[in-house]
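Participant: One structure follows; several queries about it will come next.
The values are calculated or read from the model by the stated rules, or taken from the named source; none is laboratory data. Quick caveat: nothing in here was measured; it's all calculated off a predicted structure. Virtual Cβ from ideal backbone geometry, glycine too; neighbours counted across all protein chains shown.
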Amino acid sequence: MCLAARLRPAGKAVSAAPSAAPSAAAAPSAAAPPPRRHSLERAFGVLLSVNFLVFWAVPIFGMGQAYHLGLKHVLRPLYDRLDRSAALRRFAAAYVYNKPAHADFAATAVLTFLSTTVAFGVALRYQLVHGHLPWALHAAYNCAWVGIGGRMMGSAYTFAHKEGHNGVLYQRWVRRTVGNLFENWVGLLYGNVPYNFTTSHNHIHHALDGGKGDTFYCYDLDRSSLSDFMLYQRRIFLHMAGLSSLRYFRLRGMHKQERLLARGCAIFWLAFPLPLLLLTRSPWFLCVVWLQPLCAMSFFLALVNWAFHAFIELDASGRHLPHVNALTILDGQDDNFGEDDHMAHHYENPIAHARSRHDAWRARIMPELKANRASIFKEISIVELGILTLLGQVRRFREDSERAPLPPIHPVRMCGCVGGHAADAPRGLHQSPPLLGPAGRPASLPRASSSASPSATTSTSLASCRLRRRQLSPWLAPGREHALTLRRRLATGRRAGRTPPPHTHTRTHAHTPRDEWRRPS
């Protein structure tokens, strides 16, 4: 894997090599945000990071380690017994879920719902009886919110995610009375705006597959830069709050999604906190159970998406290679219902939860994965991978656990928001929108030779963003560069003369490739 050096500020031309033609190296015309705006955005990201470290890092790390270092030997057999309960599965299949296969969710859903409601009920009762919430109870609530091994936090978002993708997950009587339990009800205590997955996650993130215009877009930032991660947190917070998605839908005339998400924002920002504030008369209690989860999950999802979409490579036509821009983790310790296979989630079936189905799909496309050095990792959690990516120390694994001699790491200099591309990339899978170069054409850059010296490709030092490569997987053989750091261009591509194409979204997520979304001129 090859890393690009830290790229120059937006608006300056950057060349891929000393011999690169000026026309191929010219940066897209985009006005860079003022330095003051950058400073404010970074300051906001620093505040979210400090808040996470103070209030959430210890509960998340502590509950995770407590589970993996001992409690799993006691609790896992008990959970397995509940999960295999024939009575629970029969009840879930007959009265709750629309398909018997979805009864796999029943045990975890019951435990998550009970844990969340009990923790919130205890905190609320103490507040109403004593008139305050002590720090010890605050810490205990945060630990219960996270759950042993992070299972409550992870499961609450996993089920909200599943509900948003599958509109018929539950039986009709559940859909008409309760609706999406975790997305619209339990999610209020986990910082999730109701209908956020149904609208923005489906119609933005999956419609664009992380491409330009996505409210989760990260390819204009250096994924091995802590400073850029501070900028990215503001972007995720606006998505979590529903603000950036509302603006996206309004500008593109997607009024159905806009109205549904606006209803969710009204519930999250008004209908839920105001009665709770009037009931408890405690802004601190409201901060603990309502605002703090939003801040925590904004940081957490920023870190997770930072890893899931850390890598990018383009084909000959300038489109994303799906094998690269969505990451897969094999044999992960904290995988909830196949969530670690993000490539399958984007390009195979977003509502499938059976790992066997993902494994079969991966086996069918294995030649393409090998040919494109797919972003596949093994025996690591997505949180660990996000931290290692952020710190510039990503490990890549090899099945026989033997360390292989590594080729020299050389940077690839990029123009705009593009990286080196492969002329021999296979076709056939859904491709994300192209990243555009000058004059709206798909950018095409020469690739750095693995035998070239660093001075032959760029003079910029790699000291701040080089990744330490260790064990390579067989299908991640050396010889193809992955652009991990891209030129900073925070103007979001608002160039004159570009109008958004019509929105054509399907439930199967078989979207037609589209250009980046831009405000009409």
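Participant: In this structure, is Arg8 at pLDDT 80 or above and loosely packed, with under 15 Cβ neighbours inside 10 Å?
Facilitator: Here the answer is no, as Arg8 does not meet what is asked.
Participant: While we're here: For the stretch 188-199, how many residues meet the condition of being part of a helix (DSSP H, G or I) and either over 17 Å from the mean Cα position of the chain (by Cα) or among the charged types (D, E, K, R) (or both)?
Facilitator: So the count comes out to 2.
Participant: In addition: When you scan the stretch 318-335, how many residues do you find that are in a loop (DSSP other than H, G, I, E, B), crowded, with 19+ Cβ neighbours inside 10 Å and in contact with a helix residue (DSSP H, G or I) (Cβ under 8 Å, 6 or more places away or on another chain)?
Facilitator: The number of residues fulfilling the criteria is 4.
Participant: Would you call Ala109 part of a helix (DSSP H, G or I), under 28 Å from the mean Cα position of the chain (by Cα), buried (at least 16 other Cβ atoms within 10 Å of the Cβ) and assigned by TED's automatic domain parsing to the domain that holds Leu279?
Facilitator: yes
Participant: Report every pair of residues separated by at least 6 positions or lying on different chains whose Cβ atoms are under 9 Å apart, first residue within the stretch 363-392 and in the same structural domain as Ile312 (by TED's automatic domain parsing) and assigned to a helix (DSSP H, G or I), second among the acidic types (Asp, Glu) and at pLDDT 85 or above.
Facilitator: Partner pairs satisfying both residue conditions: Ile382/Asp340.
Participant: Of a type outside the set (Asp, Glu), farther than 21 Å from Leu385 by Cα and surrounded by 20 or more Cβ atoms within 10 Å (Cβ to Cβ): does that describe Phe268?
Facilitator: Judged against the criteria, Phe268 is a match.
Participant: For Glu183, which of the numbered conditions (1) surrounded by fewer than 19 Cβ atoms within 10 Å (Cβ to Cβ); (2) part of a helix (DSSP H, G or I); (3) in contact with a helix residue (DSSP H, G or I) (Cβ under 8 Å, 6 or more places away or on another chain) fails to hold?
Facilitator: Glu183 satisfies every listed condition except (1).
Participant: Which one of these does Phe299 not meet: (1) surrounded by fewer than 19 Cβ atoms within 10 Å (Cβ to Cβ); (2) of a type outside the set (Gly, Ala, Ser); (3) part of a helix (DSSP H, G or I)?
Facilitator: All conditions are met except number (1).
Participant: Go through the residues of the stretch 66-79 one by one and say whether even a single one is touching a helix residue (DSSP H, G or I) at 6+ places or on another chain (Cβ under 6 Å), under 30 Å from Gln233 (Cα atoms), among the hydroxyl-bearing types (Ser, Thr, Tyr) and assigned by TED's automatic domain parsing to the domain that holds Pro100.
Facilitator: Yes; the residues of the stretch 66-79 include at least one that is touching a helix residue (DSSP H, G or I) at 6+ places or on another chain (Cβ under 6 Å), under 30 Å from Gln233 (Cα atoms), among the hydroxyl-bearing types (Ser, Thr, Tyr) and assigned by TED's automatic domain parsing to the domain that holds Pro100.
One line per residue, one yes/no per condition, for (1) assigned by TED's automatic domain parsing to the domain that holds Leu188; (2) buried (at least 20 other Cβ atoms within 10 Å of the Cβ); (3) closer than 23 Å to Gly121 by Cβ:
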{"position": "Arg250", "(1), (2), (3)": "yes, no, no"}
{"position": "Trp284", "(1), (2), (3)": "yes, no, yes"}
{"position": "Trp306", "(1), (2), (3)": "no, yes, no"}
{"position": "Phe311", "(1), (2), (3)": "no, yes, no"}
{"position": "Ala316", "(1), (2), (3)": "no, no, no"}
{"position": "Phe337", "(1), (2), (3)": "no, no, no"}
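Participant: Can you tell me how many residues within the stretch 252-282 are within 12 Å of Leu188 (Cα to Cα) and either not assigned by TED's automatic domain parsing to the domain that holds Leu189 or not aliphatic (A, V, I, L, M) (or both)?
Facilitator: Result for the stretch 252-282: 6.
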